[in-house]
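Worksheet: the structure to be examined is printed underneath.
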Amino acid sequence: MPVTHPSFGTLDPDRVIIFDTTLRDGEQSPGFSMNLEEKLRMAEALAELGVDVMEAGFAIASPGDFESVQAIARKFGKDGPVVASLGRANPADILRSAEALKPAARKRIHIVLATSELHMRVKLRMSREEVLEATAASVTLGRNHAEDVEWSAEDGSRSDPDFLCRCCEAAIKAGATTINIPDTVGYSRPDEIRDIFRMLRERVPGADGVVFSTHNHNDLGMAVANTLAAIEGGARQIEATINGIGERAGNASLEEVAMALRTRHDALPYRHAIETPRILRTSKLLATITGFDVQPNKAIVGRNAFAHESGIHQDGVLKDASTYEIMTPESVGWSTNSLVLGKHSGRAAFRDKLKALGYEGIGDNQLNDAFRRFKDLADRKKVVYDEDVAALVDDEVVRGHDRVRLTALNVTTGLGAKPMASLTLEIDGKPHEGMAGGDGAVDATFNAIRQAFPHEVALKLFAVQSVTGGTDAQARVTVRLEEAGKLVDGQGADTDTIVASARAYIHALNKLLAKRERTAPPDLHAALSA
């Protein structure tokens, strides 16, 4: 029997709701934090991708999280995604979520409460009866503030089946419209997940009137497999993140689930609303914002996902791509014709290329800055590829609101010479100069940044990779910084590896600054000082 849901009306039994938690579960993992502007940019991309529900954050966690949820709630109208805020099963969390979601045209309060014996005893220190009472009370309160309420059984996959059934029944009776069973620690096998959902649908009174949801972590590498098994067991909402980011080993990868359902429709006859040609663009945007690139062999979005080096494979693909490709590169956003721009290309061609790459709604100032950088890049490179354009535009669009910006850099180095770097940083619109030496050109550059903007952080990672091939390729540099236990990654791209390194360091610096500002906006110059 079809389920009638307050946010989606009467649902086709084969329709799978895509619940994206990149901005909440994904963002809370170490090093993946985003500032408000970055969250809004990511939210726009997720809406364009076609996610049904967007979990914007954990409203009570901090003033910054509350502001992010509220801003995203204000952003979308009735044609946009449902905006959700997570809260624990207590009045303060639920009321804070309700307040943040007030501007939303379509909103959901998401309530989580652990149901496994281990979590109840060690973390909650609550009895079974107390958990049942809290479930009913919290969902009731949530329904007083939103028609759409999701209840999640944290560590549900390791919970006693009988007790899990009782909790789900209590949540449904109190008015929950979605019941989520997370595999919180990524412990279960696909057959176990499938059986849990079949059991709940058969045993829980009122189960035929709600949507069951699955939320799987990837600790044993089975998050996507468990998600697909849950759908076979009756779940009709999947919770996932772009690039599979999230706590520990991450969450189920949204792009992998979406393409598995599309590609294996013969075995998984379900449908979703994801605009799959936007997948790659969304993945790359997230990588730029967070500073975490996906590994080359990552399914769907890794740069080797459609690459063929073996002679046997190449021969087969040349004769018929389907010999070694189960989906087309274009179906997920890869372009087969990337060589289109050069130093003689004009602004109109550049704007058309941005639109083709998925960059829409870019302001005139950002477009002008990006075009200026493109012309500079075209003068230095023989060939400008789509990946080059995306890298430089991401630098301008995603980081357009950074308070610390690199405006000039000069480095001298050589065999037997002590490397020296001099640079100018623009800090809140005012120039600050720095000059320093170091063990190498990059070390000297980082020392000069620290002189121009005094701060104490630990450099935890420095990694370089090329955006495209060739000696004139842009370098993409990733820098990881740690300050007071907080980890952030920054990225920068340029044909000059030293410039890319400086951009990456400053990107990470801005993210550390944003972390501080979430709780109490500090004076900029004291923000990262010891």
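The values are calculated or read from the model by the stated rules, or taken from the named source; none is laboratory data. Keep in mind the model is a prediction, meaning the values are calculated, not measured. Cβ coordinates were reconstructed from backbone atoms using ideal geometry, including for glycine residues, and neighbour counts include every protein chain displayed.
Annotations for the structure displayed:
- Residue count for segment 141-163, restricted to those that are crowded, with 16+ Cβ neighbours inside 10 Å and either closer than 15 Å to residue 87 by Cα or free of Cβ contacts under 8 Å to residues at least 40 places away in the same chain (or both): 13
- Options 64, 77; residue that is under 22 Å from residue 23 (Cβ atoms) and loosely packed, with under 15 Cβ neighbours inside 10 Å: 77
- Qualifying residue in segment 231-249 (condition: free of Cβ contacts under 8 Å to residues at least 24 places away in the same chain, in a loop (DSSP other than H, G, I, E, B) and either touching a Phe, Trp or Tyr at 6+ places or on another chain (Cβ under 6 Å) or not acidic (Asp, Glu) (or both)): no
- Cβ pairs under 8 Å, 6+ apart, first in segment 277-296 and at positive phi, second not hydrophobic (A, V, I, L, M, F, W, C): 291/31; 291/478; 291/480; 291/489; 291/490; 291/491; 291/507; 291/511
- All positions within segment 456-473 that are surrounded by 18 or more Cβ atoms within 10 Å (Cβ to Cβ) and over 28 Å from residue 388 (Cα atoms): 457
- Summed over segment 202-218, the residues that are surrounded by fewer than 23 Cβ atoms within 10 Å (Cβ to Cβ) and touching a Phe, Trp or Tyr at 6+ places or on another chain (Cβ under 7 Å) give a count of 0.
- Test: residue in segment 167-176 that is outside any helix (DSSP H, G or I) and assigned by TED's automatic domain parsing to the domain that holds residue 54: yes
- Listing of strands (runs of 3 or more DSSP E) fully contained in segment 29-142 that carry 2 or more residues being of a type in the set (D, E, K, R) and in contact with a strand residue (DSSP E or B) (Cβ under 6 Å, 6 or more places away or on another chain): 107-114
- Considering segment 423-440, and only residues there that are aliphatic (A, V, I, L, M) and surrounded by 18 or more Cβ atoms within 10 Å (Cβ to Cβ), the residue that is nearest to the chain's Cα centre (by Cα) turns out to be 425.
- Within segment 495-520, the set of residues being crowded, with 22+ Cβ neighbours inside 10 Å, free of Cβ contacts under 8 Å to residues at least 60 places away in the same chain and not hydrophobic (A, V, I, L, M, F, W, C) comprises 501 only.
- Residue satisfying all of: in segment 23-61; under 17 Å from residue 87 (Cα atoms) and in contact with a Leu (Cβ under 7 Å, 6 or more places away or on another chain); surrounded by the most Cβ atoms within 10 Å (Cβ to Cβ) among these: 56
- Residue within segment 117-129 that is buried (at least 22 other Cβ atoms within 10 Å of the Cβ), assigned by TED's automatic domain parsing to the domain that holds residue 214, touching a residue at least 40 places away in the same chain (Cβ under 8 Å) and hydrophobic (A, V, I, L, M, F, W, C) present: no
- Scanning segment 216-226 for residues that are more than 18 Å from the chain's Cα centre (by Cα) and either hydrophobic (A, V, I, L, M, F, W, C) or not in a loop (DSSP other than H, G, I, E, B) (or both) yields a total of 4.
- Residue check for residue 244: surrounded by fewer than 24 Cβ atoms within 10 Å (Cβ to Cβ) and at pLDDT 95 or above: no
- Qualifying residue in segment 138-160 (condition: of a type outside the set (A, V, I, L, M) and at positive phi): yes
- Condition met for residue 138 (of a type outside the set (Val, Ile, Thr) and closer than 26 Å to residue 226 by Cβ): no
- Residues of segment 441-474 satisfying the condition of being over 10 Å from residue 421 (Cβ atoms), over 29 Å from the mean Cα position of the chain (by Cα) and either assigned to a loop (DSSP other than H, G, I, E, B) or not charged (D, E, K, R) (or both): 452, 453, 454, 470, 471, 472
- Of all the listed residues (294, 257, 224), the sole one being in contact with a helix residue (DSSP H, G or I) (Cβ under 6 Å, 6 or more places away or on another chain) and not assigned by TED's automatic domain parsing to the domain that holds residue 196 is 294.
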